[in-house]
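Trainee: Mind having a look at this structure? Questions to follow.
What follows is calculated from the coordinates using simple rules that are stated; it is not laboratory data. Treat the numbers as computed from the prediction; the structure is a model and nothing was measured.
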């Protein structure tokens, strides 16, 4: 019998983290050594948002450099990994009743390959992505996450890639800048909900008022967290892989459900 694999929420923040060595990237490298090798990886990234949900079924997903104005070295980094039509279609069976369709219109964006470069640097595990349905609300995303739960018992590692706090308006170009007060408070608000299994609080994060308005001005970086929360079983716990805020308003806090 295949052992249930953990589910991960990994913050990605600035693309500069792809090339840097810091406490955050070191935590990701250690993570890759600490969990059982999956047969395939499903990533739900903030950077693939569509009108309707889709799963990329290509065996040869292109590497997408969907960031602009960064040093040339970032655009020369290769993460040459295969996809898997077979495993993507297996995942699709779990969620097709929620309107998820097969597609080959995407590849792997930096929300996927940018973190996997640190977790699985050998690029020897098939990877495919599920898009965020821009037409649906928080309850839909949470429900869709729940529908994916059986994949964890079949050798799939599911990763949500985004940020609890992601606010360009209050960003500082210094990665080590003092965190904004609202960012610290909202991150603690969400961490408390995670640790207490208060999933209604996670879904209804806007109830935190101004904290949410400043921390989540647009929801694409927050929503991947709801998929991972939906995967949590009653007997499982939350383990924080890394905790911290970069650039004053980018939460890098990442966690594992196991």
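Trainee: Considering the chain as a Gaussian network with a 10 Å cut-off on Cα pairs, which listed residue, 86, 117, 96, attains the greatest mean-square fluctuation?
Mentor: With Cα springs under 10 Å in the chain, the top fluctuation among 86, 117, 96 is at 86.
Trainee: Let me ask something else. Can you tell me, using C-alpha contacts under 8 Å and at least 6 residues apart, the relative contact order of segment 1-140 as a whole percent?
Mentor: The normalised contact order for segment 1-140 reaches 42 percent.
Trainee: Pick out which of 41, 77, 125 has the largest mean-square fluctuation in a Gaussian network model of the chain, springs linking Cα atoms closer than 10 Å.
Mentor: 77
Trainee: While we're here: What are the equivalent ellipsoid semi-axes of segment 156-258, built from the alpha-carbon gyration tensor (square roots of five times its eigenvalues), in whole angstrom, biggest first?
Mentor: Sorted largest first and rounded, they come to 23, 15, 12 Å.
Trainee: Springs between alpha-carbon atoms under 10 Å, Gaussian network over the chain: tell me which of 164, 119, 228 tops the mean-square fluctuations.
Mentor: 119
Trainee: How far is the Cα center of segment 43-117 from the Cα center of segment 166-192, in Å?
Mentor: Using only Cα atoms to place each centre, the spacing works out to 27 Å.
Trainee: Sticking with this one: Using helices alone, I'd like the mean residue ellipticity at 222 nm for the chain: each DSSP H run of four-plus residues gives -39500 (n - 2.57), total over residue count, nearest 500.
Mentor: So the calculated ellipticity at 222 nm is -9000 deg cm²/dmol.
Trainee: If you restrict to DSSP beta bridges whose two residues both lie in the chain, what percentage is antiparallel, to the nearest 5?
Mentor: About 35 percent, rounded to the nearest 5.
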